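The values are calculated or read from the model by the stated rules, or taken from the named source; none is laboratory data. As the structure is a prediction and not an experimental result, all values here were calculated from the model. Cβ atoms come from the backbone with ideal geometry, glycine included; neighbour counts cover every protein chain shown.
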Amino acid sequence: MLWRRVFDPRQYPHSDHVTLSSALNWAQLTLPECGERGTRYWHFGNLFGEVDLLLRMTAPRGCVEQFLAANAAEPIDLEDRHPTFVTSTPDAWGWPDERPLNHYSIPAKRPPRPITELAADLDATPLADLFIHVSSH
């Protein structure tokens with residue numbers, strides 16, 4: 001077999017066939033073990049080398065906080081509490097469009113660093129949500 005497609009049930013429809021670990025490695029992100037089951041992702045690359053990764057992690061608040069700490073996420077203050085990458089995702093993905101979110105950025109570990117936007121709903125119970133958009137462009 002010359003080509004073997006990778007399938008991961010955590011992928012959203014129409015995602016490139018890459019593993020979650022490969023996508024996280026490209027994005028320079030560390031996912032704690034406690035977040036692996038509650039993570040869904042979409043990865044897309046084009047012929048120009050531009051890559052986008054959308055990731056949603058639903059896990060206990062402590063696990064989301066562990067992700068933020070492991071990736072040295074820093075809180076940022078934005079007037080718009082609804083980032084475009086969250087509100088423009090298909091409703092079928094179950095991403096929110098109304099609840100206020102806390103915003104974060106992640107400093108570069110090694111250049112060139114993709115652009116990383118994070119939004120978290122830490123007030124959700126019993127599970128918190130973390131939404132991530134990583135883009136090379």
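A few remarks follow.
- Among (1) loosely packed, with under 13 Cβ neighbours inside 10 Å; (2) touching a helix residue (DSSP H, G or I) at 6+ places or on another chain (Cβ under 9 Å); (3) at pLDDT below 85 - the single one Leu118 does not satisfy: (1)
- Residue count, the range 84-103 (criterion: at pLDDT 65 or above and surrounded by 17 or more Cβ atoms within 10 Å (Cβ to Cβ)): 4
- In this structure, Asn71 does satisfy being buried (at least 21 other Cβ atoms within 10 Å of the Cβ) and polar (S, T, N, Q).
- Pairs with Cβ under 8 Å, 6+ apart, first in the range 10-31 and within 17 Å of Phe67 (Cα to Cα), second modelled with pLDDT of 90 or more and in a helix (DSSP H, G or I): Thr30/Leu24; Thr30/Phe67; Thr30/Ala70; Leu31/Leu20; Leu31/Leu24; Leu31/Phe67
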